[in-house]
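Student: Quick one: this structure, given as structure tokens, is what I'll be asking you about.
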Amino acid sequence: MAVMTGSPTTRRISDLNLTWTDVGPFLALAALLVAGFLINPDFLSATNLANVITRSAFIAIIAVGATFVISSGGLDLSVGSMAAFVTGITIMFMNAVAPHAGLWAIPAGMLVAIVVGLLCGLANGLIVTVGRIEPFIATLGTMGIFRALITYLTNGGTIPIDRSLRDAYRPVYFGTVAGIPIPILISIAVAAVASFILYKMKYGRKCAAVGANEDVARYSGISVVKTRTIAYVVQGACVAIAAICYVPRLGAATPTTGQLWELQVITAVVIGGTALRGGKGHVWGTVAGAVILELIANLMVLSDFVSEYLVAAVQGVIIIIAMLIQRFSNSK
Amino acid sequence: MSIAVNIAGEGGSTLPCGDVTGAVEPVLRAERLSKQYGPVTVLSDVMLDILPSEIHAIIGENGAGKSTLMRLLSGYVEPTGGTLSMAGHPVKFTKPSQAQDAGIALVHQEILLADGLTVADNLFLGRELLRGPVVDDRTMRRLAAEKLAQIGCFVSPTALVRDISLADRQMVQIARALLDDYKVVIFDEPTAVLTGGEVERLLEIVLQLKAHGTAVLYISHRLDEVQRVADKVTVLRDGKMVGTYPGRMLNQMDMARLMVGRELAALYPERTGASSDIPMLSVSNATVPGYAEDVSFTLHKGEILGFAGMVGAGRTELFEGIVGLRPATATVELEGKPVHFHSQRAAIDAGIGYLTEDRKGKGLLLQERLAANLTLSALDVFHPGLSMSRGREMDALEKAVEAYDIRVKSPGAKAAQLSGGNQQKLLLAKVLLTNPSVVIIDEPTRGIDIANKAQIYAFIHGLVARGKACIVISSEMQELIGLCDRILVMREGHVTGEVSGAEMTESNVALLATSGPKPGPKAKGGTEWLS
């Protein structure tokens, strides 16, 4: 090798060298839509699709937060029970202030939801980072705590939202703007903000660095504790936003709210192309993943092939298949 | 000094070694061995005769095809052309276990041991001894202790691999290759993580194997080792064979020339300008619990200060402590101002850059783009606003690629796609992007080839010429002597002495590193010891 092998080419390349991980979730989504249409043409009707995507909004919003946590090398199993907990606190707060504040109880309640969500996320984050406890165990613990707290607060039953607030709050889930259901708009907004943070802001770079290799991040002067804690706080905020959308849907908090959401959330993130061991997060892939999950559930209802009681089983199979695909594409 | 050897490199001219080969049948023979990945030829037409009781060294720059050749010979990769034969019979390996069964063992360059298992477990991993249906731990432990003692390694067979030193791990790995009576043992850069005495021990093992009738293939960047033990030397360059030469015919300069294919400029650049008396960084009574105790030194503006010592002397840990990567106590003054670093961030912001010795594990995000790696330490300085600027990053990468001669195929490449030398240059560029006034470089040239080494030395000289100050930690004594103005030697966490000027000789440094007086708790660093 001579000392000069020609000057290296430094021409600009576009960042658009797409990989299978980037486009895979969207191809899968498209394939699913085609398959759905073939099975039952009603599937592609605007009403049905709008319904399905609206229902997927909770999971999508929470999963966007989970993309932060997983990208930074963490995991959060507590999201489902945290959602139930936040929903419960929010409804109780709204009910308590409704007689005095009237409809102002709704925005105040939303604010409370956000604050409670942030605090829950902060608690998870601090236990994992400062307490140095494996994310799996730490959030398994808080999952139990949140679930028990909501069961305790509801006394095992349900807390319905105050009648005086119900109609005013309804549009947050059932309303539309320009024909698009509000939950869909909210999840798009959440994903847009999240992708700006992950791809355009320094925090996103730090988050991916911490997830890809904690040591490299530390040796590069990045605070692992701070970066990871923030990811959990973002997760808490996303859970709170999802809870705000969820309250008018049922109009009540129950001990079973949000059950198995953690499975769906993690599945959405993994289908979306984010590696479970951390690294680059795929926000829009996650959103696609959440929609895919709900579409499959919907297809199972619309078709007669598989009992709808098996929805969770199918979702379980999907996460395993998604992990296998990641495994094989990595071993290349 | 140099022996007349055909070094111009006109094709693969193999010197006649007939007198050596004689009538002995090669235990392993490669004929026209080639490997292509798609259109890329990484190795072509390699001819090798490996004889029993012979140490055959393979040398070449990074990317010359040494590792590929070793992988072909030990069954990790299948050749796309050529044949292998053992004792006259053609053989074909499609997986490593076949090569092992045929009597070929490979000692990997990287440590491939299970951290959570014991030394004995690792030694016998995959070939556990059984007594009836149960694993015979007692015998395995006894045999493990015996084998390790044979090669001068005295770790307990029941110790967990995670708890033993890097050098001991390497010894365990070597012991694995000695467990059976292999016909051919291949060492791939075995001394990269070893220092001084351990290298000696390893070379003894190699000679023992030879005496025992085993053929040894020895790949190393350290030409002094090659010169000492090799009976034959095969030189590879750009995937082709330059030739096979009797070891005694080549000195180190010859080998280097054959590898590079041109006259080597002096490896160490001439020192321009001298260091000043202005203190840049002064550290007193630095203690890193468990690793270093009561270390004091002063680094001057424009100075290159070396830290020598064996692996485990506490050099890396000392500096990790000083820059805030581990808990430590020290009184540190930077340009006359007292400072204390709770985190690496604080050290970077104050103007101290630290290049880790572990560039793959701690230095670079291998799966990330070069630009993202380059700016990782300097994100806040580099992107003062809310959002990052891709354009500015690419500009910085273009500049770094040019300034540090980083050879990249495309600027969108990932760090993993760079060779070791280019990764090291990228790491240097990354740390220098934070504009430090003091640069601490831990093992600046570990595992990289000569041409890149020379460049990195030149960069280090460039740094101090621009008024920065530099600390170099290295296990290669020649490197420190060639590069530094002064060398501090550490042993077991203490500074045992300081050498400078004409006193900087390998024997002085080695003496201090291995048997220097360990000062009492109150004694100062024993700098007068040599004078």
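The values are calculated or read from the model by the stated rules, or taken from the named source; none is laboratory data. Please read these numbers as outputs of a predicted model, since none were measured by experiment. Cβ sites come from the backbone with ideal geometry, for glycine too, and all protein chains shown count toward neighbours.
Student: Return a yes/no flag: does the range B:32-43 have any residue that is without any contact (Cβ under 8 Å) to a residue 40 or more places away in the chain and within 14 Å of chain A (Cβ to nearest Cβ).
Tutor: Looking for residues that are without any contact (Cβ under 8 Å) to a residue 40 or more places away in the chain and within 14 Å of chain A (Cβ to nearest Cβ), one finds at least one in the range B:32-43, hence yes.
Student: Just to be sure, is residue B:124 among the aromatic types (Phe, Trp, Tyr), closer than 22 Å to residue B:207 by Cα and modelled with pLDDT under 90? Lay out the reasoning, then the answer.
Tutor: Values: among the aromatic types (Phe, Trp, Tyr): yes; closer than 22 Å to residue B:207 by Cα: no; modelled with pLDDT under 90: yes.
Spelling it out, it is not the case that residue B:124 is among the aromatic types (Phe, Trp, Tyr), closer than 22 Å to residue B:207 by Cα and modelled with pLDDT under 90.
Student: Residue under question is residue B:431, and the condition is that it be crowded, with 19+ Cβ neighbours inside 10 Å and either away from every other protein chain (no Cβ under 11 Å) or out of contact with any Leu (no Cβ under 7 Å at 6 or more places or on another chain) (or both); does it hold?
Tutor: On the way: crowded, with 19+ Cβ neighbours inside 10 Å: yes; either away from every other protein chain (no Cβ under 11 Å) or out of contact with any Leu (no Cβ under 7 Å at 6 or more places or on another chain) (or both): no.
Answer is no for this residue.
Student: Suppose we keep only residues that are charged (D, E, K, R) and assigned to a helix (DSSP H, G or I) within the range B:357-385. Which one would you say is farthest from residue B:406 (Cα to Cα)?
Tutor: By that ranking, first place goes to B:380.
Student: What single numbered condition from (1) more than 30 Å from residue B:25 (Cβ to Cβ); (2) over 25 Å from the mean Cα position of the chain (by Cα) fails to hold for residue B:147?
Tutor: Failing condition for residue B:147: (1).
Student: Take residue B:466 and decide whether it is of a type in the set (D, E, K, R), in the same structural domain as residue B:325 (by TED's automatic domain parsing) and without any contact (Cβ under 8 Å) to a residue 24 or more places away in the chain. Before the answer, list the steps.
Tutor: On the way: of a type in the set (D, E, K, R): yes; in the same structural domain as residue B:325 (by TED's automatic domain parsing): yes; without any contact (Cβ under 8 Å) to a residue 24 or more places away in the chain: yes.
Yes, satisfied.
Student: Then there is this: Confirm whether residue A:194 is buried (at least 20 other Cβ atoms within 10 Å of the Cβ) and either modelled with pLDDT under 95 or at the interface with chain B (Cβ under 10 Å from one of its Cβ atoms) (or both).
Tutor: Numbers: buried (at least 20 other Cβ atoms within 10 Å of the Cβ): yes; either modelled with pLDDT under 95 or at the interface with chain B (Cβ under 10 Å from one of its Cβ atoms) (or both): no.
Considered against the rule, which asks whether it is buried (at least 20 other Cβ atoms within 10 Å of the Cβ) and either modelled with pLDDT under 95 or at the interface with chain B (Cβ under 10 Å from one of its Cβ atoms) (or both), residue A:194 comes out as no.
Student: How many residues does the range B:334-364 hold that are of a type in the set (Val, Ile, Thr) and at the interface with chain A (Cβ under 10 Å from one of its Cβ atoms)?
Tutor: 2
Student: Looking at residue A:171, is it surrounded by fewer than 20 Cβ atoms within 10 Å (Cβ to Cβ) and more than 14 Å from every other protein chain (Cβ to nearest Cβ)?
Tutor: Yes, satisfied.
Student: Follow-up. Hey, can you tell me all the residues within the range B:464-486 that are assigned to a strand (DSSP E or B) and either among the polar types (S, T, N, Q) or more than 21 Å from residue B:335 (Cα to Cα) (or both)? Step through it out loud before you land on a result.
Tutor: Of the residues in the range B:464-486, the ones assigned to a strand (DSSP E or B) are B:469-473, B:486.
B:473, the sole residue that qualifies.
Student: From A:88, A:74, A:109, A:102, grab the single residue that is on the phi > 0 side of the Ramachandran plot and not aliphatic (A, V, I, L, M).
Tutor: A:102
Student: For the range B:372-385, enumerate the residues that are more than 9 Å from chain A (Cβ to nearest Cβ) and either under 33 Å from the mean Cα position of the chain (by Cα) or surrounded by 19 or more Cβ atoms within 10 Å (Cβ to Cβ) (or both).
Tutor: From the range B:372-385, those more than 9 Å from chain A (Cβ to nearest Cβ) are B:374, B:381, B:384-385; that's our starting set.
Across the range B:372-385, the qualifying residues are B:374, B:381.
Student: Which of the numbered conditions does residue B:451 fail, given that it passes all the others? Conditions: (1) outside any helix (DSSP H, G or I); (2) at the interface with chain A (Cβ under 10 Å from one of its Cβ atoms); (3) buried (at least 21 other Cβ atoms within 10 Å of the Cβ).
Tutor: Status for residue B:451: all satisfied but (1).
Student: Specify the residue that is nearest to the other protein chains (Cβ to nearest Cβ); the eligible residues are those in the range B:386-399 that are assigned to a helix (DSSP H, G or I) and small (Gly, Ala, Ser).
Tutor: B:391
Student: Residues that are under 17 Å from the mean Cα position of the chain (by Cα) and modelled with pLDDT of 95 or more: find the helices (runs of 4 or more DSSP H) completely inside the range A:19-129 holding 2 or more of those.
Tutor: Filter on the range A:19-129 gives A:46-71, A:79-101, A:105-129.
Student: Under 6 Å by Cβ, and 6 or more places apart or on different chains, what pairs join a residue from the range B:159-185 that is closer than 25 Å to residue B:85 by Cβ with one that is of a type in the set (Ser, Thr, Tyr)?
Tutor: B:185/B:214
Student: Got a number for residues in the range B:385-433 being touching a residue at least 12 places away in the same chain (Cβ under 8 Å), more than 27 Å from residue B:350 (Cα to Cα) and small (Gly, Ala, Ser)?
Tutor: Summing the residues that are touching a residue at least 12 places away in the same chain (Cβ under 8 Å), more than 27 Å from residue B:350 (Cα to Cα) and small (Gly, Ala, Ser) in the range B:385-433 gives 7.
Student: Considering only the range B:454-471, I want to know if a residue exists there that is closer than 24 Å to residue B:301 by Cα, at pLDDT 85 or above, in contact with a helix residue (DSSP H, G or I) (Cβ under 6 Å, 6 or more places away or on another chain) and of a type in the set (Val, Ile, Thr).
Tutor: Checking the range B:454-471: not a single residue is closer than 24 Å to residue B:301 by Cα, at pLDDT 85 or above, in contact with a helix residue (DSSP H, G or I) (Cβ under 6 Å, 6 or more places away or on another chain) and of a type in the set (Val, Ile, Thr).
Student: Looking only at residues that are buried (at least 16 other Cβ atoms within 10 Å of the Cβ) and in a loop (DSSP other than H, G, I, E, B) in the range B:400-412, which one is farthest from the other protein chains (Cβ to nearest Cβ)?
Tutor: B:404
Student: Of the numbered conditions (1) in contact with a strand residue (DSSP E or B) (Cβ under 9 Å, 6 or more places away or on another chain); (2) under 27 Å from residue B:506 (Cα atoms); (3) in the same structural domain as residue B:508 (by TED's automatic domain parsing), residue B:357 fails exactly one; give the number of that condition.
Tutor: (3)
Student: Which is out of contact with any Pro (no Cβ under 6 Å at 6 or more places or on another chain) and away from chain B (no Cβ under 14 Å), of A:232, A:199, A:203?
Tutor: None of the others qualify; the one that does is A:232.
Student: Right, something else. Of all strands (runs of 3 or more DSSP E) completely enclosed by the range B:41-129, which ones contain at least 2 residues that are within 25 Å of the chain's Cα centre (by Cα), crowded, with 17+ Cβ neighbours inside 10 Å and among the β-branched types (Val, Ile, Thr)?
Tutor: B:55-59, B:104-107
Student: Considering only residues that are touching an Asp or Glu at 6+ places or on another chain (Cβ under 9 Å) and more than 10 Å from chain A (Cβ to nearest Cβ), which ones fall in the range B:417-428?
Tutor: Within the range B:417-428, B:419, B:420, B:421, B:425 qualify.
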